[in-house]
Amino acid sequence: MLIIRLQRIGKPKKAYFRLVVTEHTTRPHGKYIELLGTYDPHLKILQAKKERIAYWQSQGVQMSPTARNLLINKEIIKGEKAKSWRPKIKKGGATESAAPAAAPAPAPAA
């Protein structure tokens with residue numbers, strides 16, 4: 001099954017991404033079938049080939065949630081955003097540690 005996804009390139013701490021069509025089982029830095037564009041997250045610049053993206057969509061190629069949301073934000077494709085994975089936040093951990101710090105300090109004796 002083919003998929004359109006982002007492929008990370010660039011230096012450490014200076015990410016840069018390619019928008020590629022690849023087999024879904026291909027390793028993240030592996031070969032791709034076609035380069036559809038690039039994305040610089042620091043400058044928020046997306047350069048994409050709209051015609052080729054439309055072609056691959058017409059062929060039934062799926063998109064990763066992140067690539068889909070990026071293309072919808074930049075108004076290259078239309079549709080609803082997909083839910084992206086986010087790390088879970090522990091419910092009790094943040095409130096318990098913040099409560100003692102919020103207690104008022106005793107007034108100094110004069």
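Please verify whether region 42-59 includes one or more residues that are β-branched (Val, Ile, Thr) and within 16 Å of the chain's Cα centre (by Cα).
Yes, the conditions are met somewhere in region 42-59.
For the list (1) at pLDDT 85 or above; (2) assigned to a loop (DSSP other than H, G, I, E, B); (3) surrounded by fewer than 10 Cβ atoms within 10 Å (Cβ to Cβ), I need the number of the one condition that residue 85 fails.
Of the numbered conditions (1) at pLDDT 85 or above; (2) assigned to a loop (DSSP other than H, G, I, E, B); (3) surrounded by fewer than 10 Cβ atoms within 10 Å (Cβ to Cβ), the odd one out for residue 85 is (1).
What do you reckon, is residue 5 under 15 Å from the mean Cα position of the chain (by Cα), of a type in the set (Lys, Arg) and surrounded by 10 or more Cβ atoms within 10 Å (Cβ to Cβ)?
In short, yes.
Quick check on region 15-30: of everything there that is surrounded by 12 or more Cβ atoms within 10 Å (Cβ to Cβ) and out of contact with any Phe, Trp or Tyr (no Cβ under 8 Å at 6 or more places or on another chain), which residue is farthest from residue 5 (Cα to Cα)?
15
Is it the case, given these coordinates, that residue 25 is within 21 Å of residue 82 (Cβ to Cβ), among the hydroxyl-bearing types (Ser, Thr, Tyr) and without any contact (Cβ under 8 Å) to a residue 24 or more places away in the chain?
yes
The values are calculated or read from the model by the stated rules, or taken from the named source; none is laboratory data. The model shown is predicted, which means the values in this text are computed figures rather than measured ones. Reconstructed Cβ throughout: ideal geometry from the backbone, glycine too, with neighbour counts over all protein chains shown.
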